[in-house]
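Undergrad: Please read through the structure below; I'll follow up with questions.
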Amino acid sequence: MSVLSLNNLYAGYGQTEVLHDVSIFVNPNEIVAIIGPNGAGKSTAMKSVLGLLTINSGNVELNGKDITNTPAAEVVRLGISYVPQTQNVFVNLSVQENLEMGAWTRPLGIRERLAEMFELFPDLGEKRNQAAGSLSGGQRQMVAMAKALMVDAKILLLDEPTAGLSPKYRGEIFTTIQKIKSTGVPILIVEQNAKQALGVADRGYVLVDGANRYTGKGKELLEDREIARMFLGGGH
Amino acid sequence: MWESFGFEFVNFYFIPGLVLGCIYALGAIGITLTFGILRFANFAHGELMMMGAYLTWTIMAIATAVLGIAVHPLLAAIPASIVVIYLFFWTDKFFYKPFRKADTIKVVMASFGMMLILRSAVQVIWGPNQLTFVPGIAKPNPSLLGWSSDIGAMLLIPNKHLFIFAGTILFVVVLSYILNRTRIGKAMRAVSDSPDLAHVTGIDVDQVIRATWIVGGVCAIAAGVFLAMDIQMLETTMGFRMLLPMFAAAILGGIGKPYGAVVGGLVIGLSEELSAYPWIGDAPLLSPGYKTGVAFAIMVVMLIVRPQGLFKGRSF
């Protein structure tokens, strides 16, 4: 059974419908990437899980349980951790305080959790008392991911985690994503850097104009000539 | 030196400036927290201060009439706080919550309406005339006077001012503990930082809002009671008169920055009083009638030169 599934979703912001019949699912222990051109509805698909927009028809299920239109705070409590693309850390709070806030819905055992996170993200341990706003973009992204993992996440949603980062940090983020997967947390990731994303993903979805266009194994999509020409940039 | 300059300056300008500064500071804490967390300028904040003072007075009067004992205002302020906090919750639920997702200006206007409603309610219940809060003349604290005379100075500080200083320090220490050490305080800072992120982090924003009303409310009531202790009377316009300087203090310190509000409050309070000191010649530098103008001038200059305030708050 899928951990998370979006079934035939028609959704958007108020009157504006962005997604037309989008279906995406994530199985246990999988990294799934959503790629596609700008404005294809990638982030919208992710936000529909969080109850942040209007779902006209279709549903969202977590471990087979319908969670369509559940408010964000409740979705988080159910075990879906979401890292927004921008403004994903509390800049005036220290690194450690950011992680503590991440554990809001699961306040017990924070100490142990913090220790685990500082092990998974060694750089953050040294900067635990520094304001998150004083960190570099890449480090902030690490804080945002660690913050999201402070709860017993059943799945981690990452919205363009490498946007605006230098190639060095991009690589580091993708390595971290694989590390997170190895701890048993499945990941759904929306990415502009489609090549790298499909490189680490088990499966991928290509969304175009708010609808499913292609789907397949990460490697297959990466090697598909048409997809390469249209979305991955440059001739393959 | 002390004879010619110090006596007058310290006792009649500096100490009153600090007292006023403490009152502004406590009031500005609530304004800056509401602005940071609920994202609107609460015009009714001064009225809640005033109501706190009126309720405190009422509790003192009841205690005297029924039990025949004189209760210290700070003690009577505790039950008064509970009433005012419920009033805060009530206004939030019926007035501000429906506007939570609306334009800020609508909430600001709602708070303006709330201000008029609260003041009128107080006028209906307690009457529009001044009431005596604490009768009599406040004498300088004798031991402080004795001690300062021994070292060649002469401090004329009444007990009520010592209470105000000590109370303000206590409130600021407790506030800093709450904001930096407790879970709810950190969440208040988080919501102030980014409400959207707080929402998708799973933070119970409604709980944070209630906490904000409590913290801001308790500080406002303390400010109202301190003001009433200082001027020894109650007026229905006392809160409104504090509103501009308190906003000036919040802006000076940086919107959303509680410590900034404290510093801002002290600076505004001192500036207002010291502007009337005869710095040049024998006449006051500025006529005391312009005191409020000083706060206004500081606010305007700050908004032009450094809108984010001294401590890098939110600019708007």
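Undergrad: Based on alpha-carbon centroids, what's the gap between region B:274-292 and region B:155-203 in Å, whole number please?
TA: 34
Undergrad: Sequence-distant or interchain residues sharing an amide H contact under 5 Å with B:ILE255, placed H: which?
TA: Long-range HN contacts for B:ILE255: B:GLY313, B:ARG314.
Undergrad: Sticking with this one: Treat the count of other C-beta atoms within 10 Å as a stand-in for reagent exposure and order B:ARG306, B:ARG119, B:ARG314 from fewest to most.
TA: On the way: B:ARG306 14, B:ARG119 20, B:ARG314 17.
With the sparsest Cβ surroundings first, the list reads B:ARG306, B:ARG314, B:ARG119.
Undergrad: Debye sum, Cα scatterers, region B:1-90, no solvent: what log₁₀ I/I(0) at q = 0.19, 0.20, 0.23, 0.25 1/Å?
TA: -0.93, -0.97, -1.10, -1.18
Undergrad: Please give the charge dipole size of chain B, origin at the Cα centre, charges +1 on K and R Cβ atoms and -1 on D and E Cβ atoms. Round to the nearest 20 debye.
TA: Values: 20 positive and 15 negative charges, 223 e Å.
So the magnitude is around 1060 debye.
Undergrad: To continue, here is another question. Let's test the formula: R0 of 30 Å, r as the Cβ-Cβ distance of A:ASN69 and A:SER134. What FRET efficiency results, to the nearest 0.05? Before the final figure, lay out the partial values.
TA: Numbers: r = 38 Å, r/R0 = 1.26.
The computed FRET efficiency comes out at 0.20.
Undergrad: Tell me, what is the percent relative contact order of chain A, built from C-alpha pairs under 8 Å that lie six or more residues apart?
TA: Values: 483 pairs, mean separation 63.0, N = 236.
Computed over chain A, the figure is 27 percent.
Undergrad: Related question: Just from its helices, what would the mean residue ellipticity at 222 nm be for chain A, if runs of 4 or more DSSP H residues each count -39500 (n - 2.57) and the sum is divided by every residue, rounded to the nearest 500 deg cm²/dmol?
TA: Numbers: 9 runs with 79 residues, N = 236.
Value at 222 nm, helices only, nearest 500: -9500 deg cm²/dmol.
Undergrad: Which of A:LYS154/B:LYS186; A:LYS127/A:LYS147; A:LYS127/A:LYS181 have a Cα-Cα distance over 18 Å?
TA: Numbers: A:LYS154/B:LYS186 25 Å; A:LYS127/A:LYS147 14 Å; A:LYS127/A:LYS181 24 Å.
Those over the limit are A:LYS154/B:LYS186; A:LYS127/A:LYS181.
Undergrad: Beyond 47 Å, what share of the Cα-Cα pairs of the protein assembly as shown is found? Please give it as a whole percent.
TA: Values: 42539 of 152076 pairs.
Considering the protein assembly as shown, 28 percent of its Cα-Cα pairs are separated by more than 47 Å.
Undergrad: Give me, ordered by chain and number, the residues 5 or more places off A:LYS154 or on other chains with an amide H under 5 Å from its own placed amide H.
TA: Close amide H contacts, sequence-distant or interchain: A:ILE80, A:SER81.
Undergrad: Using alpha carbon centroids, what distance separates region B:219-266 and region A:217-231, in Å?
TA: Here the answer is 64 Å between Cα centres.
Undergrad: If you stretched the chain out fully between B:TRP147 and B:GLN232, how much longer would it get, using 0.36 nm times the residue separation minus the C-alpha to C-alpha distance? Could you put the intermediate results ahead of the total?
TA: Details: separation 85, 0.36 × 85 = 30.60 nm, distance 2.65 nm.
Extra length from B:TRP147 to B:GLN232 when fully extended: 27.9 nm.
Undergrad: Take B:TYR290, B:TYR177, B:TYR96, A:TYR169 and order them by how many other Cβ atoms sit within 10 Å, fewest up front.
TA: Working: B:TYR290 15, B:TYR177 11, B:TYR96 23, A:TYR169 18.
Going from sparsest to densest Cβ surroundings: B:TYR177, B:TYR290, A:TYR169, B:TYR96.
Undergrad: Would you mind calculating the gained length between B:LYS312 and B:LYS93 on full extension (0.36 nm times residue separation, minus the Cα-Cα distance), in nm to one decimal? Show your work: numbers first, answer last.
TA: On the way: separation 219, 0.36 × 219 = 78.84 nm, distance 3.10 nm.
Length gained between B:LYS312 and B:LYS93: 75.7 nm.
Undergrad: By count of other Cβ within 10 Å, fewest leading, how are A:VAL49, B:VAL218 ordered? Before the final figure, lay out the partial values.
TA: On the way: A:VAL49 27, B:VAL218 24.
Taking fewest neighbouring Cβ atoms as first place, the list is B:VAL218, A:VAL49.
Undergrad: For A:THR68, list long-range residues whose amide hydrogen, built 1.01 Å from N in the peptide plane, is under 5 Å from its own amide hydrogen.
TA: Excluding prolines and chain starts, which carry no amide H, the hits are A:VAL60.
Undergrad: Dipole magnitude of the protein assembly as shown about its Cα centre, charges +1 at Lys/Arg Cβ and -1 at Asp/Glu Cβ only, in debye to the nearest 20?
TA: 420
Undergrad: Any idea what the relative contact order of chain B is, in percent, if you count C-alpha pairs under 8 Å spaced at least 6 apart?
TA: For chain B, the relative contact order is 33 percent.
Undergrad: Which whole-number percent gives the relative contact order of region A:87-152, counting Cα pairs below 8 Å spaced six or more residues apart?
TA: Numbers: 81 pairs, mean separation 35.5, N = 66.
RCO, region A:87-152: 54 percent.
Taken together, the values in this text are just the output of simple stated rules run on the coordinates, not laboratory data. Just so it is clear, the structure is predicted and the values come from calculations on it, not from any experiment. Neighbour counts run over all protein chains shown; Cβ positions are idealised from the backbone, glycine included.
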